[in-house]
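Accompanying notes for the structure given below.
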Amino acid sequence: MLERAKQLIEPSARSNVPPFMVMDVVAAAARLEAQGRRIIHMEVGQPATGAPSSAIAAARAALSESALGYTETVGMRSLRERIARAYGDWHGLDIDPARVVVTTGSSAGFMLAFLAAFEVANRVATALPGYPPYRHILSALGCEPIGIATTAATRWAITGEILLNVHRERRLNGVIVASPANPTGTMMTTAVLEGVIRSAEDAGITVISDEIYHGLDYAFRADCAARFSPRVIIVNSFSKYFCMTGWRIGWMIVPSSLVRAVERLQQNLAISVPTLAQIAAAAAFDGRAELEDVRRGYEENRRILLEGLPQAGLDSFLPADGAFYLYADVSRFSTDSFAFAKRMLEEAGVAATPGVDFDPQRGQNFLRLCYAGSREEMHQAVERIGNWLRKI
Ligand SMILES: Cc1ncc(COP(=O)(O)O)c(C=O)c1O
């Protein structure tokens, strides 16, 4: 009887998604810190700074003045209008607020987008290296993620031509693009972004554009997929540019034909998005000056690493166009990036993420460094990595 009961609570096959290895690095770093070691954290991809003061003030006021009940499922009208207006400021686009759906971070946006746009067993292409939850959410929902290995030849992006080549071999239903991307920090040029959208739409492939790192572009301006088609599903978030990871708030721009489906799904999955976070997010748009200061800090950190790391011995990395990531090729030292990251943490006191999280095969040769920390930490990281690499 007991044996039978145990079988009844076996996890489902669909829940069997791979873990995020970066969390193992986080745990190892915490153990070292508990022993008194000072660790420079470059493993987790989040701003070191908190939400802008305008957001904090609005949240404080709401705590004392509002009952904070549910909101409309698709989000507070005032926030949706503010988000739509931002597309005018950022890209000269006129977005109908009716197409804006507020979500619990972009993570919930992906779940809603995949459920609304794809059937079970549909195939969805993602770039490798790429953000692992794209693949893992898709497989948990019964879709088939198709990883496309990208290379320097296309600036690590899926182009229209590559997409159609894969589509000819295995019919695709969707493709996810991201610019700037995680873990590479690379960006798609406007021509490549437009090309992939046009090719996908001609072939009947639904495009999902992850624009979570918009606002953090240094090499050139990141273009918005909505400029090329009203049928692309855009996923974005207050987590990165707006420094609000823990508030768990994001948004989608949904094609008109999918708005009601997304609304019905979110009604059932979440009822609504945390009200306090929505109020804070609307006010975050008034924190532009602070946020631009933070952005300039990342830009300076990027410069410190781009100049310092080659001298320290890490001289091969992908173009660090945007976001706050540098994806370094460490194959000169090791072809086991997990072991390399573990050693670098223990011996140099710098925590970074092994590339295997993002690209199961070639990631063995890569390490992702997040440069969202302080300027001082970047200088120390360069020094520590340099001293350590000279010894090994
Ligand atoms: C590329 C990318 N997309 C989406 C997310 C999810 O972020 P959130 O759910 O906080 O909006 C992340 C988080 O690191 C990311 O790097």
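The table that follows gives values for the structure above.
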read-out: Filter result (buried (at least 18 other Cβ atoms within 10 Å of the Cβ) and either at pLDDT below 95 or part of a helix (DSSP H, G or I) (or both)) within region 329-352; value: Ser337, Phe338, Phe340, Ala341, Met344, Leu345, Ala348
read-out: Test result for Ala30, modelled with pLDDT of 95 or more and surrounded by 15 or more Cβ atoms within 10 Å (Cβ to Cβ); value: no
read-out: Residue check for Val330: among the β-branched types (Val, Ile, Thr) and under 26 Å from Thr150 (Cβ atoms); value: yes
read-out: Complete set of residues in region 96-105 that are within 16 Å of the ligand (Cβ to nearest atom) and open to solvent by 10 Å² or more (accessible area, probe 1.4 Å); value: Thr104
read-out: All positions within region 18-55 that are farther than 26 Å from Tyr134 by Cα, in a helix (DSSP H, G or I) and not hydrophobic (A, V, I, L, M, F, W, C); value: Arg31, Glu33, Ser53, Ser54
read-out: Of the criteria (1) over 15 Å from the mean Cα position of the chain (by Cα); (2) acidic (Asp, Glu); (3) within 16 Å of the ligand (Cβ to nearest atom), which one Asp210 fails; value: (1)
read-out: Filter result for the condition that a residue is away from the ligand (no atom under 16 Å from the Cβ) and either outside any helix (DSSP H, G or I) or closer than 19 Å to Gly250 by Cβ (or both), over Ala127, Ala108, Ala121; value: Ala121
read-out: Test for Leu326: is it in contact (Cβ under 8 Å) with a residue 12 or more places away in the chain, aliphatic (A, V, I, L, M), closer than 22 Å to Leu369 by Cβ and open to solvent by 40 Å² or more (accessible area, probe 1.4 Å); value: no
read-out: Matching residues, region 110-142, being open to solvent by 40 Å² or more (accessible area, probe 1.4 Å) and closer than 15 Å to Ala200 by Cα; value: Arg123
read-out: Count of residues meeting criterion [open to solvent by 20 Å² or more (accessible area, probe 1.4 Å) and modelled with pLDDT of 95 or more] in region 286-315; value: 18
read-out: Residues of region 143-170 classified as open to solvent by 30 Å² or more (accessible area, probe 1.4 Å), in contact with a helix residue (DSSP H, G or I) (Cβ under 9 Å, 6 or more places away or on another chain) and not in a helix (DSSP H, G or I), total; value: 5
read-out: When residues of region 255-275 are limited to those that are of a type in the set (A, V, I, L, M, F, W, C) and within 15 Å of the ligand (Cβ to nearest atom), the one surrounded by the most Cβ atoms within 10 Å (Cβ to Cβ); value: Val273
read-out: Counted residues, region 59-96 - those being part of a helix (DSSP H, G or I), within 26 Å of the chain's Cα centre (by Cα) and farther than 18 Å from Arg295 by Cα; value: 13
read-out: Identity of the residue in region 235-254, closer than 16 Å to Pro97 by Cβ and more than 10 Å from the ligand (Cβ to nearest atom), that ends up surrounded by the fewest Cβ atoms within 10 Å (Cβ to Cβ); value: Ile253
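The values are calculated or read from the model by the stated rules, or taken from the named source; none is laboratory data. Every value quoted in this text rests on a predicted model; they were computed, and no experiment measured them. Counting neighbours? That spans all protein chains shown, and the Cβs are built from the backbone with ideal geometry, glycine included. The accessibility values were calculated without ligands, DNA or RNA, using every heavy atom of the protein model including side chains. Shrake-Rupley method; radii C 1.70, N 1.55, O 1.52, S 1.80 Å.
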